[in-house]
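The block underneath contains the structure these notes are about, expressed in structure tokens.
All of the numbers you see were taken from the coordinates with simple rules; none came from a lab. Here the structure is a predicted model, which is why all the values come from computation and not from measurement. Backbone-built Cβ (ideal geometry, glycine too); neighbour counts: all protein chains shown.
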């Protein structure tokens, strides 16, 4: 007697993944290649690079380091401390298979944490502002935002700083972190509000706990680092 109960399972295992699923597999595998490149307390210590660089920014308690570690599947790549505000340098991580670097992630110091001395806050803000305005290979900014609190005054200041570069083509993504703490209705509302505030930038829900948004964000970063070549215009028809 033939056992037909396993047939659907075998068919599912052998099924060709959808284009979106296939793209997510490639993108996630690419992010998993992340490795430490360098750290710098000031902008002039950073190496000059020609590959696309994606800066991760946000308040100290917005889940930035956890997001980076989740996307790269490395528990301690970015320093995630129980005491927010501990990251005091710009940390770069290279991406690329077979030891080649085709993009870089930049983990910038968190801002706005009350327990950090005021002079340190001012110094970090100056370093970040200079980086965001002058870093030549900066291709995208990923802003972490806790949707329960929305954009803060410091987030708004950051947006004002980068708005000219966004207008020139700099990619911009807002990640609504800790989305698992919201109901489905609250998530939809937070998405709608942030899309209006993001000024044309991309907005995604993200939860490291529930692994929500990982495929979407990974695919987006992959596409930004590997843009499809523009199609050549078709030649005009010869006059008869």
Subject >> FRET E, pair residue 226, residue 126, Förster distance 51 Å, beta-carbon r, rounded to 0.05 >> reply: 0.95
**OP:** Provide Rg and Dmax in Å for the stretch 128-184, with only Cα atoms included in the calculation.
**Re:** 12.9, 40
Original post:
When the chain is fully extended, how far beyond the present Cα-Cα distance does residue 100 get from residue 23, taking 0.36 nm per residue of separation?
Top reply: 25.7 nm
Subject >> Distance between modelled label sites at residue 119 and residue 210, nm, 7 Å Cα→Cβ extension >> reply: 4.5
Original post:
How much of the DSSP beta bridge set in the stretch 19-225 is antiparallel, as a percent to the nearest 5?
Top reply: 35
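If you count, for each residue, the other Cβ atoms within 10 Å and average over each peptide, how do 141-151, 179-189 line up from highest to lowest?
Result, highest mean Cβ count within 10 Å first: 141-151, 179-189.
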Original post:
At 10 °C and 1.306 mPa s, what whole-number value in µm²/s does Stokes-Einstein give for the translational diffusion of the stretch 19-225, with Rh from the Kirkwood sum over Cα pairs?
Top reply: 93
**OP:** Please sort 62-71, 197-206 by packing, taking for each peptide the average over its residues of neighbouring beta carbons within 10 angstrom, highest first.
**Re:** 62-71, 197-206
**OP:** With a Förster radius of 25 Å, plug the Cβ-Cβ distance of residue 157 and residue 48 into 1/(1 + (r/R0)^6) and report the FRET value to the nearest 0.05.
**Re:** 0.40
**OP:** Could you order peptides 27-35, 161-169 by the average number of other Cβ atoms within 10 Å of their residues, highest first?
**Re:** 27-35, 161-169
